[in-house]
1. Tell me the label-point distance for the pair Gln251, Ser413, using the 7 Å Cα-to-Cβ offset, in nm and rounded to one decimal.
2. Hey, fewest Cβ within 10 Å first, where do Asp407, Asp368 land in order?
3. Let me make sure I get this right: for region 105-196, a, b and c are the square roots of the gyration tensor eigenvalues over alpha carbons, sorted descending. Under 1.5 in a/c it's rounded, otherwise prolate if a/b > b/c, else oblate. Which is it?
4. Just subtract the alpha-carbon distance of Ala431 and Ile478 from 0.36 nm times their residue separation and send over the number in nm, one decimal.
5. What share of Cα pairs, in percent, lie more than 16 angstrom apart in region 378-479?
6. Taking Cα pairs under 8 Å and at least six residues apart, what relative contact order does the chain come out at, in percent?
7. Can you put Lys222, Lys59 in order of Cβ neighbours within 10 angstrom, beginning with the fewest?
8. Can you bin region 415-462 into rounded, prolate or oblate? Criterion: square roots of the alpha carbon gyration tensor eigenvalues sorted a ≥ b ≥ c, rounded for a/c under 1.5, prolate for a/b above b/c, oblate for the rest.
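Each reported figure results from applying straightforward, stated rules to the coordinates on display, with no laboratory input. This structure is a prediction, so every number in the text was calculated from the model and none was measured. When we count neighbours, we look across all protein chains shown, and the Cβ atoms used for this are built from the backbone with ideal geometry, even at glycine.
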Amino acid sequence: MDQVKGGLAKVLGAKGPIGRVGVVGMGYVGIPSAVLFADSGAFEEVIGFQRDSPSSGYKIDLLNRGETPLKGEEPDLGEMLKKVVGAGTFRCSPDFSLVSGLDAVTLAIQTPFRDPKDLIPDFTPLHDGLASVGKHLSPGTLVVIESTVTPGTTGGIARRILEEESGLVAGRDFALAHAPERVMVGRLLRNIREHDRVVGGIDAPSTERATGLYRTVLSTGKVIPMTAMAAEVTKTAENAFRDLQIAAANQLALYCEAMGVNFYDVHAGIASLKEEGVTRAILYPGAGVGGHCLPKDTYHLERGVKESGKGLDYPKNAESIFILARRINDFMPNHMHRLTVEGLGRAGKKLAGSRVAILGWAFLHDSDDTRNTPSEPYRDLLVAGGADVAVHDPYVDRSPGVTISHDLREVISGADVVAILTGHRAYRSLAPRDVKNWCGAEHPVIVDGRNIVDPDAFIGAGFVYKGIGRGDRNHHPIA
Ligand code: SAJ
């Protein structure tokens, strides 16, 4: 931690407490953050910055009317947004010149990967956002990166862009920190308030300034201060770890299928080992791992150790366990495809010419978020195999390259296969008799990628059942 003794601390002291805050990026992270800052009562004004782009410009007017562009179930967000717009503590603008009058600016911008294989991220949106902020940055401002980034980014390229655009020096004229978001769709506000917040400054005054900012929105969560690099590793590693845990569950489920065992019996057994200090956080297998985070954060971690790591000691020619986990989780839509073909085979049918009803296009249950959804590679395999596909999702209105219906009966009508890709609550009440009538086949196939339905209820109604991890049922006698 390079201590610019007195320099930055003095500049921040002269600036006084943070009164006006900016949040760049009006998405699943930026909107709830901005609304919570505005509702905290700690700030005169919060400005949400959104580019007036063809794809996202519509959000500006919507937000300024107090309406949220996020479709899924987000408890309290709609009400709180209306409240802060009504109170005049929050507004949305595309005008980055307003940054010059702010005391703190956070950036919550997507950081996807252009090419995971070669670990090449697409940082263009983030760099553009940093440049827009840098152009109007005034001395004493705090800049915080909330996006998940490759370890080394905050103190590296981000710092350089801000310094080049502003002519100021980080750690002397302005504060800079990384405070990664930890939200999940469906509980955005609660996660920001209740999860502990990792805060990592490029120096102590930056960490302290950022700590003050986030304390205003934390209820039960507390700030965990560290260096910017440690914060970047914490975020990428916690998602890589979760991805690894899911991959372990998926591999175990594939083993259970091969051994004719019910994964969920094994899960209950393993999870039953409880003792002081013994945690058995075994997660769940499924049709795949989607979202904006887990499919890419492993690559940020790997790129970080490749770019910033010195003298790494690791078994020769051994693949990274995190990369292997990515491959296993990316394989699951293929496994869904295999179960579909096997199921059709048991019903005396071929994939080519069959009609498959895909239930769920969102990557996560009860949300409208379709980023990196596992449903897409599964759909592509079906189409490549000559199947006719229809897609249902209760929350997703539209998504590029697919037609989505909210009418379950219409989607299932005439289907040879009903495949559950997302664990939406609505699918838990699927009635075998209704589904069979809609299919209109003697032995329709049901492929459960989220352990949502009761296999015996569907088998009893004459379905051919296939389920991930259900080795105990996948070769059942057909009723
Ligand atoms: N999934 C499984 N099995 C499981 C859990 C999840 O197959 O047992 C699948 C889900 O169906 C989904 C994907 O994995 O397709 C991701 O699900 P998720 O529950 O991890 O949801 P995310 O990606 O929105 O949330 C993760 C969380 N990270 C951790 O818990 C370490 C969240 O806290 C982060 O804020 C978020 O990533 C993020 O934004 O980084």
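1. 4.6 nm
2. By the 10 Å Cβ count, ascending, the order reads Asp407, Asp368.
3. Numbers: a/c = 2.20, a/b = 1.24, b/c = 1.77.
It is oblate, given that a/c is not under 1.5 and a/b is not larger than b/c.
4. Stretched out fully, the Ala431 to Ile478 stretch lengthens by 15.1 nm.
5. In whole percent, the long-distance tail amounts to 58.
6. Working: 1011 pairs, mean separation 59.8, N = 479.
Computed over the chain, the figure is 12 percent.
7. So the residues, fewest neighbours to most, are Lys222, Lys59.
8. Prolate, because a/c is 1.5 or more and a/b exceeds b/c.
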